[in-house]
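The values are calculated or read from the model by the stated rules, or taken from the named source; none is laboratory data. Bear in mind that the values here come from a model prediction, so they are computed numbers and not experimental data. With ideal geometry, Cβ positions are generated from the backbone for all residues, glycine too; neighbour counts draw on all protein chains shown. Heads up: the accessible areas ignore ligands, DNA and RNA and are worked out on the full protein's heavy atoms, side chains in. Shrake-Rupley method; radii C 1.70, N 1.55, O 1.52, S 1.80 Å.
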Amino acid sequence: MEHELADLVPVFVEEARERIDHLTAVTPRVPAGGEAAIVAKRELHTLKGSARMLGLDAFAELCHAAEDALAAGRPRLVELLTRTADRLAAMLAVVAAGEEPEADGELLTALRAGDGEAPAAAKPKEAEEGRSKRIGRRGEVPGEAGVPRGGAERPAR
């Protein structure tokens with residue numbers, strides 16, 4: 001975590017709890033699409049950005065992987081998002097205690113593969129070891145990957 005931003009941690013924890021609770025509440029309705037899917041994407045995206053700002057790499061990486069899984073319509077999406085929300089809540093408790101959470105390599109693999117078995121090329125070494133590296137290590141532009149453009153995924157009315 002970025003030391004100079006440590007005074008923002010209590011604000012992050014409070015807001016993240018609300019967002020994780022909201023994500024948990026909408027997750028069962030995500031497969032139907034519509035507003036629930038849009039809300040889930042928004043919550044994950046906001047959590048990811050806030051975590052990146054504080055240098056909480058493992059937290060942001062999990063949000064990013066869940067965002068991508070949601071955009072791709074992975075199999076077992078409700079189960080994966082439920083596991084993600086539970087893990088984010090556990091990670092938030094670690095952050096609230098003043099420590100940096102560790103990555104959940106097994107969950108990251110499941111989110112990236114959709115079926116729990118990632119191809120060798122898609123399974124990063126740090127996920128296997130349960131560690132996190134700096135966000136952007138793959139040349140990602142923060143906030144870009146996995147976000148639908150122009151509302152293309154919104155259902156027709």
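Scanning segment 75-113 for residues that are in a helix (DSSP H, G or I) and basic (Lys, Arg) returns ARG83, ARG87, ARG112. Residues of segment 29-50 that are within 17 Å of LEU80 (Cβ to Cβ), within 17 Å of the chain's Cα centre (by Cα) and not acidic (Asp, Glu): VAL30, ALA36, ALA37, VAL39, ALA40, LYS41, LEU44, HIS45, LEU47, LYS48.
Within segment 14-25, restricting attention to residues that are among the hydrophobic types (A, V, I, L, M, F, W, C) and surrounded by 15 or more Cβ atoms within 10 Å (Cβ to Cβ), the residue that is farthest from LEU92 (Cα to Cα) is LEU23.
Sub-7 Å Cβ pairs linking a first residue in segment 56-76 that is within 18 Å of PHE12 (Cβ to Cβ) and of a type outside the set (Ser, Thr, Tyr) to a second residue that is open to solvent by 50 Å² or more (accessible area, probe 1.4 Å) and at pLDDT below 95, at least 6 apart or interchain, are LEU56/MET1; LEU56/GLU100; ASP57/LYS133; ASP57/ARG134, ordered by first then second residue. Of all residues in segment 97-111, those satisfying the criterion of being closer than 15 Å to ALA58 by Cα and either at pLDDT 95 or above or open to solvent by less than 10 Å² (accessible area, probe 1.4 Å) (or both) are PRO101, GLU102, ALA103, ASP104, GLY105, GLU106, LEU107, LEU108, THR109, LEU111.
I'd like to know if segment 114-135 contains one or more residues that are among the hydrophobic types (A, V, I, L, M, F, W, C), modelled with pLDDT of 95 or more and surrounded by 19 or more Cβ atoms within 10 Å (Cβ to Cβ). There is no residue in segment 114-135 that is among the hydrophobic types (A, V, I, L, M, F, W, C), modelled with pLDDT of 95 or more and surrounded by 19 or more Cβ atoms within 10 Å (Cβ to Cβ). Looking at this structure, is ALA89 in contact with a Lys or Arg (Cβ under 8 Å, 6 or more places away or on another chain), closer than 19 Å to VAL9 by Cβ, in contact (Cβ under 8 Å) with a residue 12 or more places away in the chain and open to solvent by 10 Å² or more (accessible area, probe 1.4 Å)? When the stated conditions are applied, ALA89 passes them. For segment 54-74, a tally of residues being open to solvent by 10 Å² or more (accessible area, probe 1.4 Å) and not in a helix (DSSP H, G or I) returns 2.
Hey, can you tell me all the residues within segment 37-53 that are surrounded by fewer than 23 Cβ atoms within 10 Å (Cβ to Cβ) and touching a Gly at 6+ places or on another chain (Cβ under 8 Å)? HIS45, GLY49 - these are the residues of segment 37-53 that are surrounded by fewer than 23 Cβ atoms within 10 Å (Cβ to Cβ) and touching a Gly at 6+ places or on another chain (Cβ under 8 Å). For segment 23-55, a residue qualifies if it is β-branched (Val, Ile, Thr) and either in contact (Cβ under 8 Å) with a residue 24 or more places away in the chain or out of contact with any helix residue (DSSP H, G or I) (no Cβ under 8 Å at 6 or more places or on another chain) (or both), and the qualifying residues are THR24, THR27, VAL30, ILE38, THR46.
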